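The values are calculated or read from the model by the stated rules, or taken from the named source; none is laboratory data. Remember, it's a predicted structure, so these values are computed and weren't measured experimentally. Cβ coordinates were reconstructed from backbone atoms using ideal geometry, including for glycine residues, and neighbour counts include every protein chain displayed.
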Amino acid sequence: MLLQTSPIDLREGLFKLKCGNMSTKAQMEALADNIRTFQNIEQEYGSIDAFVTSGPAAIIAQKLSDPASPYKMKMLGGALAWEYLRYVGIDGTKPDRHLRRFFGSERMGTSDHFLATMDEVYEKVAKLSEETGLYKVEIDHLIWSFSADGYGEMCTATPRCGICPIRKFCKKPQ
């Protein structure tokens, strides 16, 4: 049914439900290709579950987001590939701007870069998971909530250092 529905009709339907965003048009135009990619994955691996568990989660996320990969999903970068994997039950972290800034050189200082690299985020969250016994997805959610506008609003692009409960651990110049 979805493959036979025009991208315009899909987009209009989403906006009627008040679910659209600025990327909806491009997402709906990519949907048929992405469905075919999932069909190819299912044919090759036997199921989508077999594919997402066929190797380390970081490799699967890369396969879904790398333009050179035959499994590349249109409109899906590294962070969204991780978001997808988390939604299907794979424990991991989504190295978005919030986590990259949090672990960057001017915040928690676990990186030499202003924004920690994606690999640095993976490594740090994995280490925190081992140390605390929390799932990576839980640590990700805690940091994201702490750092996102409209949520914790503590370690945002404009941080609220003066009232931050973990300020003493931060490397941000005062």
| said: Give me the residue from region 70-90 that is among the charged types (D, E, K, R) and modelled with pLDDT under 95 and, out of that set, farthest from Ser54 (Cα to Cα). | reply: Glu83
| request: Give the residue that is nearest to the chain's Cα centre (by Cα), with candidates limited to residues of region 41-55 that are of a type in the set (S, T, N, Q) and surrounded by 12 or more Cβ atoms within 10 Å (Cβ to Cβ). | output: Thr53
| field | Count - residues of region 132-167 that are in a helix (DSSP H, G or I) and free of Cβ contacts under 8 Å to residues at least 24 places away in the same chain | value | 9
| request: State whether the residues of region 15-22 include one that is on the phi > 0 side of the Ramachandran plot and not aliphatic (A, V, I, L, M). | output: yes
| query | Is it the case that some residue within region 33-42 is of a type in the set (Val, Ile, Thr) and either not assigned by TED's automatic domain parsing to the domain that holds Pro7 or not in a helix (DSSP H, G or I) (or both)? | reply | no
| said: I'm trying to understand the selection: among the residues of region 33-62, which are touching a residue at least 12 places away in the same chain (Cβ under 8 Å) and either more than 19 Å from Leu3 (Cβ to Cβ) or in contact with a Gly (Cβ under 8 Å, 6 or more places away or on another chain) (or both)? | reply: Asp49, Phe51, Val52, Thr53, Ala57, Ala58, Ile60, Ala61, Gln62
| Just wondering, is there one or more residues in region 145-160 that are under 30 Å from Asn34 (Cβ atoms), surrounded by 15 or more Cβ atoms within 10 Å (Cβ to Cβ), touching a His at 6+ places or on another chain (Cβ under 9 Å) and not assigned by TED's automatic domain parsing to the domain that holds Ile48? | yes
| said: Looking at region 1-9, can you tell me whether even one residue there is part of a loop (DSSP other than H, G, I, E, B), out of contact with any His (no Cβ under 9 Å at 6 or more places or on another chain) and either exposed (fewer than 11 other Cβ atoms within 10 Å of the Cβ) or not hydroxyl-bearing (Ser, Thr, Tyr) (or both)? | reply: yes
